[in-house]
Amino acid sequence: MSLTRDEMAAMVARDIPAGSFVNLGIGQPTLVADFLPEGSGVVLHTENGMLNMGPAAVGDAVDQDLTNAGKIPVTELPGASYFHHADSFAMMRGGHLDVCVLGAFQVAGNGDLANWHTGAADAIPAVGGAMDLAIGAKRVFVMMTLFAKDGSPKLVPSCTYPLTGVGCVDRVYTDVATFQVGPEGAVLLETFGTTFDELAARLDVPLRRAEEAGGDPGSS
Amino acid sequence: MSLTRDEMAAMVARDIPAGSFVNLGIGQPTLVADFLPEGSGVVLHTENGMLNMGPAAVGDAVDQDLTNAGKIPVTELPGASYFHHADSFAMMRGGHLDVCVLGAFQVAGNGDLANWHTGAADAIPAVGGAMDLAIGAKRVFVMMTLFAKDGSPKLVPSCTYPLTGVGCVDRVYTDVATFQVGPEGAVLLETFGTTFDELAARLDVPLRRAEEAGGDPGSS
Amino acid sequence: MTLICESAAEAVAEVEDGSTVLIGGFGMAGMPVALIDALIDQGATDLTVVSNNAGNGDTGLAALLAQGRVRKMVCSFPRQADSYVFDGLYRAGRVELEVVPQGNLAERMRAAGAGIGAFFCPTGVGTPLAEGKETREIDGRTYVLEHPIRGDVALVGAHVADRMGNLVYRKTARNFGPVMATAATTTIVQVARVVETGELDPEAVVTPSIYVDRVVAV
Amino acid sequence: MTLICESAAEAVAEVEDGSTVLIGGFGMAGMPVALIDALIDQGATDLTVVSNNAGNGDTGLAALLAQGRVRKMVCSFPRQADSYVFDGLYRAGRVELEVVPQGNLAERMRAAGAGIGAFFCPTGVGTPLAEGKETREIDGRTYVLEHPIRGDVALVGAHVADRMGNLVYRKTARNFGPVMATAATTTIVQVARVVETGELDPEAVVTPSIYVDRVVAV
């Protein structure tokens, strides 16, 4: 069985070490927050200037001065701090975040990331903080479906969409498999309702098994 | 009659526009604070991270966590703010201070400043914030005696001591005269107990009278 | 010295045609809506606007855009669910767009305020947004050279000012305000209220008065 | 995650020989004397120390210097009325000295913390301290290229920490602390007291917990 979005988020949450400083980007990756175990000590950063962000705000807790990077009202946990945008991005770009989780249009076997522009001629380009997050965090996780709606793979030998960052992705969490990517190429770590052979047949990117890659790439 | 140090400080204070943001460096220039008229609205900056610094602290007001750039205990005025060193020097280097008053070993007619190192072989070099102040403030005033103890002039055609900044000084306040310096060379603005001719004879730097220089360089 | 203004109209009275205007806010948080509305009434046009987004709904920056007063937008993320005003103008070729990674937008304004001539930055290397820009390898990593973004005017939304112009902000509405205040020749701030000098904690002031030219409580 | 230590000795236990150690303080204000004393006991040697001054009197940094544990000082202003320990070592050729303009010292550490590869800076142009450095004219002004200063360890004196490691400072003792905290691999902080998480105002936190590794109350 392939994973639901929530199950994918849970897989990502599982691989975030306790006490990490983490940025969950916008959209789907923000689901990861719901699956961090209680007492994990994970501190969430939001690019718009806050550490120790809490869950989405509901009811009376909604405050238009307190939103996440997706402009969704959120809450503040004890021990939070606020800072301005240059300080926030200095934190990202200076390599202080342990993990960043992003969505993607495409990831290449070498870790190249394309998640800001489809390259379509009539698309209005919008990058936000994606390029800063892509190069800033110590480890970058991507969370996406492995195949686009038209069935084309999103884990590719080389990105055809405009790049967000070069060789910046470490892990790819998808609905049917988890991969390690980087200078050594793509390594299959886990499958969900599919097999190495099925995936190797559908993907153009050269794929190795974790056992072949050596070491224990699954460890954090 | 030549001016005392206090009288020199009063001359500098006279030329600081109301409401200016001002840095008085260390040593003699800090005397200028005592001669700012009440209600001038001048805000003093100290490089170690404070705006709206008050007078020197005495008695119980001495607090080792509150000092000026010369490490002398000072006080805080209402409306003060504290910031860290990178923010403090960004304020200086970004050109936000209106006036900075510095001491000097030598000033050249073109505005070059030498105030950090005598060039002596056995001197321990120490620059502090002098180079940042020299290039940062909108206007740089120097306050010094015109002649060294050995009688040699400190306003010179070209600095022989190592430079602090290039062409950065606007005004030179001395015990016997006030000068404008800069790309147009040295212009005598005022004398105290001496004359243009006497000074022209003792100084090697070409000297013009304010009338020759045209305009009204004495205005702020 | 900071001028405490009676109205937003007075605060923005001197904005000139052709100005580069830095506008704070991240979405609506920290957006100086009263100042933008006053700028719309004031009439300055042919503006270059630097702001993270390109307007939401029909108010604030979106309204300024709708009036055709913006020649060019410099922003990181124009595309939002409710950015239809900008979208329409852009597709009609009636506004220029320079997309800048959000961190570069902030750091380039910080550089303008801090007297930095240019800086080598790790963001965007190997992407279309670095095309044509100088790159350099330093200690084994590749960087792109980025230049300051200066404003003639900054419009900032803060929370409280004292009468000297010291500012504090509120939660994530702080965002670009403190950086823009340092990067503009004239910084104009709207606040919820103005308090007497001495009422703000000097340890908690975020934008010192030196960066603030005009304040209006709205 | 920040470790709240029982003693200064525990806080500095892992400093290694040959480390670059950033030491906060401007004169004695903000000087982390307890951490320096613990470092003296701990024994790490062959250190490069980055600090604004080169020690006052016989305590703190001066005592570390007196023990011959510092190979090189990087500072803006070694010469003070009571810097006799450094003066003696320097004149005897027993310590190297790199003099850096104070603003460059701060900005180079800020660059290290912010991921900036290098920056063009207006300070020092045409002076001996820029000799041999790359210069460039940008928009009619000449700048010198300056590079980051990174620390293996930062020793910082702050005022209050919460148990997560968020910090506030006190008056001008803030000085280099917040910048150094961002520029070092391991940041070790001495405070007057540690409070429960949630007791510090999130709007007034100066150094967020992400930059703080070890805290000790002294």
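The values are calculated or read from the model by the stated rules, or taken from the named source; none is laboratory data. The shown structure was predicted, so the numbers you read here are calculated from the model rather than taken from an experiment. With ideal geometry, Cβ positions are generated from the backbone for all residues, glycine too; neighbour counts draw on all protein chains shown.
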Can you find even one residue in the range C:152-164 that is more than 15 Å from the chain's Cα centre (by Cα), over 22 Å from B:Asn48 (Cβ atoms), crowded, with 24+ Cβ neighbours inside 10 Å and not β-branched (Val, Ile, Thr)?
yes
The conditions are (1) crowded, with 24+ Cβ neighbours inside 10 Å; (2) within 14 Å of chain B (Cβ to nearest Cβ), and C:Gln102 fails exactly one of them. Which is it?
(2)
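Only strands (runs of 3 or more DSSP E) wholly contained in the range D:118-171 count here; list those with 3 or more residues that are in contact (Cβ under 8 Å) with a residue 60 or more places away in the chain. Walk me through it before giving the result.
Working: elements: D:118-121, D:135-138, D:141-146, D:151-157, D:160-162.
Once the strands (runs of 3 or more DSSP E) in the range D:118-171 are filtered for at least 3 residues that are in contact (Cβ under 8 Å) with a residue 60 or more places away in the chain, what remains is D:151-157.
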May I ask you to say which residue of A:Val127, A:Val107, A:Val140, A:Val101 is under 21 Å from C:Asp82 (Cβ atoms) and not acidic (Asp, Glu)?
A:Val127
Need pairs with beta-carbon distance below 8 Å; first residue of a type in the set (Lys, Arg) and within the range A:156-173, second crowded, with 24+ Cβ neighbours inside 10 Å and not in a strand (DSSP E or B); sequence gap 6+ or separate chains.
A:Arg171/A:Val181
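Of all the residues that make up the range D:58-84, how many are away from chain B (no Cβ under 12 Å) and more than 30 Å from C:Phe119 (Cα to Cα)? Walk me through how you get there before you give the answer.
Pass one, the range D:58-84, residues away from chain B (no Cβ under 12 Å): D:58-72, D:74.
Checking the rest, the ones that are also more than 30 Å from C:Phe119 (Cα to Cα) come to D:58-71.
Here the count works out to 14.
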Taking the conditions exactly as written (under 20 Å from B:Ile16 (Cβ atoms), in contact with a Gly (Cβ under 7 Å, 6 or more places away or on another chain) and surrounded by fewer than 17 Cβ atoms within 10 Å (Cβ to Cβ)), does B:Gly79 satisfy them or not?
no
What do you reckon, is B:Gly109 away from chain C (no Cβ under 14 Å), modelled with pLDDT of 95 or more and crowded, with 19+ Cβ neighbours inside 10 Å?
yes
Quick one: A:Ser40 ticks every box in (1) out of contact with any strand residue (DSSP E or B) (no Cβ under 6 Å at 6 or more places or on another chain); (2) assigned to a loop (DSSP other than H, G, I, E, B); (3) within 21 Å of C:His159 (Cα to Cα) bar one, so which box is it?
(3)
In the set D:Gly140, D:Gly113, D:Gly117, D:Gly124, which member is within 7 Å of another protein chain (Cβ to nearest Cβ), at pLDDT 95 or above and more than 23 Å from C:Arg141 (Cβ to Cβ)?
D:Gly124
Please go through the range C:161-218 and pick out each residue that is among the charged types (D, E, K, R) and closer than 19 Å to C:Leu22 by Cβ.
C:Arg174, C:Asp213, C:Arg214
Which residue pairs have Cβ atoms under 6 Å apart, sit 6 or more places apart or on different chains, and have a first residue in the range B:76-95 that is more than 7 Å from chain C (Cβ to nearest Cβ) and in contact (Cβ under 8 Å) with a residue 24 or more places away in the chain and a second that is of a type in the set (Lys, Arg) and crowded, with 24+ Cβ neighbours inside 10 Å?
B:His84/D:Arg174
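So in the range B:37-56, with the set limited to residues that are surrounded by fewer than 18 Cβ atoms within 10 Å (Cβ to Cβ) and of a type outside the set (Ser, Thr, Tyr), which one is nearest to the other protein chains (Cβ to nearest Cβ)? Break it down into steps so the answer makes sense when it comes.
Here is the first cut: in the range B:37-56, the ones surrounded by fewer than 18 Cβ atoms within 10 Å (Cβ to Cβ) are B:37-41, B:54-56.
With of a type outside the set (Ser, Thr, Tyr) added as a condition, the list becomes B:37-39, B:41, B:54-56.
Details: B:Pro37: 15, B:Glu38: 16, B:Gly39: 12, B:Gly41: 6, B:Gly54: 11, B:Pro55: 15, B:Ala56: 14 Å.
By that ranking, first place goes to B:Gly41.
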Please go through the range B:15-30 and give me each residue that is of a type outside the set (Gly, Ala, Ser), at pLDDT 95 or above and assigned to a loop (DSSP other than H, G, I, E, B), ordered by number.
B:Asp15, B:Ile16, B:Pro17, B:Leu24
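Confirm whether B:Thr145 is within 21 Å of D:Gly126 (Cβ to Cβ) and either surrounded by fewer than 24 Cβ atoms within 10 Å (Cβ to Cβ) or over 17 Å from the mean Cα position of the chain (by Cα) (or both).
Details: within 21 Å of D:Gly126 (Cβ to Cβ): no; either surrounded by fewer than 24 Cβ atoms within 10 Å (Cβ to Cβ) or over 17 Å from the mean Cα position of the chain (by Cα) (or both): yes.
When the stated conditions are applied, B:Thr145 does not pass them.
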Answer from A:Asp60, A:Asp34, A:Asp65 - the residue that is more than 12 Å from chain D (Cβ to nearest Cβ), under 20 Å from C:Ala173 (Cα atoms) and either outside any loop (DSSP other than H, G, I, E, B) or charged (D, E, K, R) (or both)
A:Asp60
Positions within the range C:66-112 being touching a residue at least 60 places away in the same chain (Cβ under 8 Å) and more than 15 Å from C:Gly24 (Cα to Cα), in sequence order
C:Ala112
Hey, among the residues in the range C:172-190 that are assigned to a strand (DSSP E or B) and crowded, with 22+ Cβ neighbours inside 10 Å, which one's farthest from the other protein chains (Cβ to nearest Cβ)?
C:Ile188
Does the range A:82-96 contain at least one residue that is in contact with a strand residue (DSSP E or B) (Cβ under 7 Å, 6 or more places away or on another chain), surrounded by 20 or more Cβ atoms within 10 Å (Cβ to Cβ) and over 17 Å from C:Ala106 (Cβ atoms)?
no
Just for strands (runs of 3 or more DSSP E) wholly inside the range C:1-105: which have at least 1 residues that are at pLDDT 95 or above and over 18 Å from A:Ala126 (Cβ atoms)?
C:3-5, C:20-23, C:47-50, C:70-75
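Any idea how many residues of the range B:17-31 are of a type in the set (A, V, I, L, M, F, W, C), surrounded by fewer than 22 Cβ atoms within 10 Å (Cβ to Cβ) and within 14 Å of chain C (Cβ to nearest Cβ)?
Initial filter on the range B:17-31 (of a type in the set (A, V, I, L, M, F, W, C)): B:18, B:21-22, B:24, B:26, B:31.
Of the ones still in play, those that are also surrounded by fewer than 22 Cβ atoms within 10 Å (Cβ to Cβ) are B:18, B:26, B:31.
In the following step, the residues that additionally are within 14 Å of chain C (Cβ to nearest Cβ) were identified as B:18.
The qualifying residues number 1.
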